[in-house]
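Report on one structure; see the data block that follows.
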Amino acid sequence: MSKFDITERPQSDKEWRLIEKLVMSMQAEQKRERRWRIFFRFLGFGYLILMFALFYPMRTGGTGVDTTAPHTAMVVVQGVIAEETAASADVLVGSLRKAFAAKEAKAVLLRINSPGGSPVQSHYIFKEIMRLKEKHPDKKVYAVITEMGASGAYYVAAAADEIYVDPSSIVGSIGVIMAGFGFEEAIQKLGIERRVLTSGESKSLMDPFAPLKEEQKEHFQTMLDDVHQEFIAAVKLGRGDKIDAEKHPELFSGLVWSGSRAIELGLADAFGSPGSVARDVVKQEKIVDYTMVPNPFDRWLQGFGVSVGQGLGKSLNLTTTLQ
């Protein structure tokens, strides 16, 4: 047999083990190369997704839908009205502007299902609807309250030309609330001493571990009454002579009513759903959703940044805040 015959077994076990080790090493290297190729492919794909997310921070619900034909433009008010939510003033104002600007949109439909929220955010949205109505007098605004349109959500609905409800909808809650807790007696019983340093005698207002003084209570009540009056003025402006506050003084008491009772009180105009209003009132059954949806990656980044900032502040004992 030739010494170059590959089928010939090496002369010693040591040589054979060296050959086996070399083959195994080559196989391991090939596996590592395949893993790295797969890793870099996924990395490239992830980079593309990241770039898309960064340069496309919001999308409109109507994206991909034909808006060149006549239709009803819809903006959805869903959930709590507050900053950094899907029902924030930033999101809804941008959505409303797109809806009003759409040439083939024959009317704007507000689809509302919200318990309310920030009076400031609600006021921003209300004022923008009133401004856009004045700018586009040919486009009416119809609000449809599905499950709930209470407090700040009704604040927004009041800007519409007409409000439609379901008989079982929850409507109203025209009032303002500020709530808290008092633990001063509890910490006294536990023998805990509360230590608070302030610059300004009223800086620690609403401290739950200190008694609420009468003058402090009066101050907050005046502030709440001011905000309440702004709310009432907006409802009166939007609803006009459809409501009679003298005949129904409970209108602005903070109570809520069913959709049926809301119609009787003038808080709503008639029964209807988003589909029926588009079909029977606007006469444009096709609905295009113009609600802008915040990018989930943006939300994640914001949440991550807040979490990191809070964690860093705690680790450095930076707990002083300006309010």
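The values are calculated or read from the model by the stated rules, or taken from the named source; none is laboratory data. Remember, predicted model here, so these are calculated numbers, not experimental data. Every residue, glycine among them, receives a Cβ derived from its backbone with ideal geometry; neighbour counts consider all protein chains shown.
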Worksheet item: Does the range 209-232 include one or more residues that are within 17 Å of ILE163 (Cβ to Cβ), surrounded by 13 or more Cβ atoms within 10 Å (Cβ to Cβ) and over 25 Å from the mean Cα position of the chain (by Cα)?
Response: no
Worksheet entry | Index of the failed condition, TYR124 passing every other in (1) in a helix (DSSP H, G or I); (2) surrounded by fewer than 17 Cβ atoms within 10 Å (Cβ to Cβ) | (2)
Discussion item. Suppose the filter is assigned to a helix (DSSP H, G or I), at pLDDT 75 or above and either within 28 Å of VAL171 (Cα to Cα) or of a type in the set (D, E, K, R) (or both); does MET74 pass it?
Written reply: no
Worksheet, complete the sentence: When (1) modelled with pLDDT under 95; (2) of a type in the set (A, V, I, L, M, F, W, C); (3) assigned to a loop (DSSP other than H, G, I, E, B) are applied to ALA186, the one that fails is (3)
Worksheet item: In this structure, does VAL171 turn out to be in contact with a His (Cβ under 6 Å, 6 or more places away or on another chain) and on the phi < 0 side of the Ramachandran plot?
Response: no
Worksheet item: Within the group VAL308, VAL293, VAL281, which residue is modelled with pLDDT of 90 or more and either assigned by TED's automatic domain parsing to the domain that holds ALA150 or closer than 29 Å to ALA86 by Cα (or both)?
Response: VAL281
Fill in: Of all residues making up the range 152-175, the number that are buried (at least 19 other Cβ atoms within 10 Å of the Cβ) and over 16 Å from SER258 (Cβ atoms)
6
Discussion item. Residues that are under 13 Å from the mean Cα position of the chain (by Cα) and either outside any helix (DSSP H, G or I) or of a type in the set (D, E, K, R) (or both): does the range 89-99 have at least one?
Written reply: yes
Response to the item:
Here the qualifying pairs (Cβ atoms under 7 Å; residues six or more apart or on different chains; first in the range 228-242 and of a type in the set (Val, Ile, Thr); second modelled with pLDDT under 95) come out as ILE232/ILE174; ILE232/PHE252; VAL235/ILE174
Practice prompt. Find the residue count for the range 233-254, including only residues that are part of a helix (DSSP H, G or I) and surrounded by 12 or more Cβ atoms within 10 Å (Cβ to Cβ).
Written response: 10
Worksheet, complete the sentence: When the range 188-221 is checked residue by residue, the ones that are farther than 27 Å from GLY175 by Cβ and in contact with a Lys or Arg (Cβ under 8 Å, 6 or more places away or on another chain) are PHE209
Worksheet entry | Which listed residue, of ALA268, ALA262, is surrounded by 15 or more Cβ atoms within 10 Å (Cβ to Cβ), under 29 Å from ALA101 (Cα atoms), out of contact with any Lys or Arg (no Cβ under 8 Å at 6 or more places or on another chain) and at pLDDT 95 or above | ALA268
Worksheet item: Is at least one residue of the range 210-225 under 30 Å from SER260 (Cα atoms) and outside the structural domain of GLY254 (by TED's automatic domain parsing)?
Response: yes
Discussion item. Here is a list: ALA179, ALA159, ALA153. Which entry is touching a Gly at 6+ places or on another chain (Cβ under 6 Å), within 17 Å of GLY116 (Cβ to Cβ) and not in a helix (DSSP H, G or I)?
Written reply: ALA159
